[in-house]
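A short worksheet on the structure shown next.
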Amino acid sequence: QVRLVESGGGLVQPGGSLRLSCSASGFTFGYHAIGWFRQAPGKEREGVACISRSGSSAKYEDSVKGRFTISRDNAKNTVYLSMYSLRPEDTAVYYCAARPYDMCYTDRLNEYDYWGQGTQVTVSS
């Protein structure tokens, strides 16, 4: 019933840009904060950015601050992650997830109830 589907990943050169999308269905999207997370091989999943349920506030990890922008369109049940000035260390599988609260936190992975399957982002020359 509940689905979160990421798309937009791919191969990009260092310094390039990419926009990821997360399409949601099967739950009340507008009542959930949404987060983007990523996981590289052999590493723990880490928070990247998140946005409150209304889209009025957002948080970013220091490593992506100023380069990534999270946004959402509740009418379309979709959240986006625009990425600029990409670096090789940004290479990972990117996941979106939903938290059943107003505010979001990138360091509380266990509070996100629904997760997508992820989309691969590879930054390489």
Cut-off 10 angstrom, C-alpha nodes, Gaussian network model of the chain. Which of Arg38, Arg67, Arg99 fluctuates the most?
Arg67
I'd like the carbon and sulfur percentage of the solvent accessible area for the chain, probe radius 1.4 Å, heavy atoms only, ligands and nucleic acids excluded.
43
Efficiency by 1/(1 + (r/R0)^6): what FRET value for Lys43 and Ser85, r their Cβ-Cβ distance, R0 = 22 Å, to the nearest 0.05?
0.55
Under 10 Å, Cα contacts only: if you run a Gaussian network model on the chain, which one of Tyr80, Tyr94, Tyr114 comes out with the highest mean-square fluctuation?
Tyr114
In whole angstrom, how far apart do the alpha carbon centroids of segment 71-120 and segment 11-29 sit?
8
Among Glu89, Glu61, Glu111, the residue with the largest mean-square fluctuation in a Gaussian network model of the chain built from Cα contacts under 10 Å is Glu89
Any idea of the accessible area per residue across the chain, 1.4 Å probe, to the nearest Å²?
52
Could you give the length gained by full extension between Asp107 and Ser71, i.e. 0.36 nm per residue of separation minus their alpha carbon distance, to one decimal place?
11.1 nm
Put Thr119, Thr91 in order of accessible area, largest first, 1.4 Å probe: what do you get?
Thr91, Thr119
Residue farthest toward the positive end of the dipole of the chain, with Cβ of Lys/Arg at +1 and Asp/Glu at -1: which of Gly118, Gly16, Tyr94?
Gly16
Inter-label distance for Ser7 and Ser56, nm, one decimal - labels placed 7 Å from Cα along Cα-to-Cβ
3.1
List, in order, the whole-Hz ³J(HN,Hα) value for each residue of segment 29-39 obtained from phi through the Karplus relation with A = 6.51, B = -1.76, C = 1.60 and θ = phi - 60°; use x for Gly and Pro.
4, x, 9, 10, 6, 10, x, 10, 10, 9, 9
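The values are calculated or read from the model by the stated rules, or taken from the named source; none is laboratory data. Note that the structure is predicted; figures quoted are calculated from it, not measured. Positions of Cβ are generated from backbone atoms using ideal geometry, with glycine treated the same way; all protein chains shown enter the neighbour counts. Just so you know, the surface numbers come from the protein's heavy atoms only, side chains and all, with ligands and any DNA or RNA stripped out. Shrake-Rupley method; radii C 1.70, N 1.55, O 1.52, S 1.80 Å.
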